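The values are calculated or read from the model by the stated rules, or taken from the named source; none is laboratory data. Just so it is clear, the model here is predicted, and its values are computed rather than measured. We place every Cβ from the backbone using ideal geometry, glycine too, and count neighbours over all the protein chains shown.
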Amino acid sequence: MGWDQCDVIIVSGDAYVDHPSFGAAMIARVLEAAGYKVGILDQPDWRDPADAMRLGAPRRCFAVTAGNIDSMVAHYTVNRKKRGEDAYSPSGKTGRRPNRASIVYSNMLQTHFKGVPVILGGIEASLRRMAHYDYWSDKVRRSILIDSKADLLIYGMAETAVVQVMDRLSAGETIRDIRDVPGTACRDESILTGGIELPSFEETEKDNKAFNTMTRIHYENRVYPYAKTLYQRHADQLIRINPPAKPLSTKEMDTLYALPFTREAHPKYKETIPAWEQIRDSVTAHRGCFGNCSFCAITFHQGPRIQSRSKNSVLDEVRSFVKKEWFKGTVSDIGGPTANMYGMHCAIGGCKEMNCLFPEICEHLVVADQKIYTALLQDASEIPGINHVYIASGVRHDLALADLKAMEKMVTRFTGGHLKIAPEHLVEDVTQVMNKPSGKVYFRFLEKFREF
């Protein structure tokens, strides 16, 4: 390739698959399109310094991600039992990434590459940007910025922020200069006017009410463009959390998914990657979810605004499947976090709360947009070489009931065996706490499903 040094090296806990659903691949292609030389250090052996150094030092920074899922979730069940498979590793073999991979990788790089900036990203780091309850140790832990000693954290979907950071580093700024990029968190010296100070780590560690106050303020400042800068003290250190990045437009989404992904695992792997096998014939049509279930991470990571690709962008990706040797004629999924939110919009352009479905569906939510989704599925099914198009992403059943014609099409034409819904619970006192529709809504959906 004629390179003697990478501009940025992405360190990932996943095997490398050049597919847009793999975060490391998406960020690599985005940076490549922005003119940067990108290296991928996939599943480095954190116990072997030589493995960490196989690509040398980058010119600008290391970008670290634990992978597509939290490393602790990758390793353990909800009962804290070790899993027997890691879907993002060759042949599903476990043990190729460490527990708390973001922290381990960051510490490893800082040991061997002193002075080179380390930037964290991915869902593991994103959800730990402030003090947080850690299920695995059953205690409140500090911001991951403290334990990892990383220079910067990019939270949420990082495409916009990572290019801004790289451009500023390339222009001569130091990583310490970069404190105000939307969608980032860092250590800072003082609280700016207009910022909000959260209860400190020490307070949240000892007091449940302080922890709940922190969570409420964070929730109230998760929506662009209403969010303010948040600050949280950890002893003598101050964590700054900038407002979220601006959601991507349809044109920007189309640009991302049109990048030259091979949609294949790296040829160095002799064994298959189970996660790639599962998603290779599926299409991500949109990001975000406005369900705001109180137990769900999506609203704090992808955000509540729906960011949809255009119909042509999705159909172009489906057409590309037909040329693949592995494709058997079935598109296993066209969807996103919630399938039937594709293309949906708010008649008044959104609000600070973005609590669109609870306790009732908001009058400003254009539920008829679900017809846009079923029309997309129909168009995809008519492409030559496509035999079946299915919905494998979850469907929000209260939304489906708001447009019975769209629901009928989803049920009768695009359900491949099972339609996934998530009532989660049926007892009303519980569903209210979960920000979910009641059991009555579920049974009404079930009745209509059987009728169709």
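Points to keep in mind about this one:
- Strands (runs of 3 or more DSSP E) contained in the stretch 1-111 and holding at least 3 residues of a type in the set (Asp, Glu), touching a residue at least 40 places away in the same chain (Cβ under 8 Å) and in contact with a Pro (Cβ under 8 Å, 6 or more places away or on another chain): none
This table checks each residue for (1) surrounded by fewer than 18 Cβ atoms within 10 Å (Cβ to Cβ); (2) closer than 19 Å to residue 108 by Cβ; (3) at pLDDT 95 or above; (4) under 18 Å from the mean Cα position of the chain (by Cα).
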| site | (1), (2), (3), (4) |
| --- | --- |
| 21 | no, no, yes, yes |
| 25 | no, no, yes, yes |
| 30 | no, no, yes, yes |
| 35 | yes, no, yes, no |
| 39 | no, yes, yes, no |
| 42 | no, yes, yes, no |
| 49 | yes, yes, no, no |
| 53 | yes, yes, no, no |
| 58 | no, yes, yes, no |
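- Of residues in the stretch 236-255 being over 20 Å from residue 344 (Cβ atoms) and touching a Lys or Arg at 6+ places or on another chain (Cβ under 9 Å), the one surrounded by the most Cβ atoms within 10 Å (Cβ to Cβ): 241
- Looking only at the stretch 262-310, residues that are assigned to a helix (DSSP H, G or I), touching a Pro at 6+ places or on another chain (Cβ under 8 Å) and closer than 22 Å to residue 43 by Cβ come to 0 in all.
- Of all the listed residues (103, 144), the sole one being farther than 21 Å from residue 196 by Cα and β-branched (Val, Ile, Thr) is 103.
- Among the candidates 353, 363, residue that is more than 23 Å from residue 284 (Cα to Cα), modelled with pLDDT of 95 or more and outside any helix (DSSP H, G or I): 363
- When residue 326 is tested against the conditions (1) modelled with pLDDT of 95 or more; (2) in a loop (DSSP other than H, G, I, E, B); (3) not basic (Lys, Arg), the lone failure is (1).
- Scanning the stretch 340-350 for residues that are surrounded by 19 or more Cβ atoms within 10 Å (Cβ to Cβ) and in a loop (DSSP other than H, G, I, E, B) yields 342, 343, 344, 350.
- Pick from the stretch 352-406, criterion of a type in the set (S, T, N, Q) and surrounded by fewer than 18 Cβ atoms within 10 Å (Cβ to Cβ), ranking: farthest from residue 226 (Cα to Cα): 387
- Considering (1) part of a loop (DSSP other than H, G, I, E, B); (2) hydroxyl-bearing (Ser, Thr, Tyr); (3) closer than 25 Å to residue 256 by Cβ, the lone condition that residue 313 does not fulfil carries the number (1).
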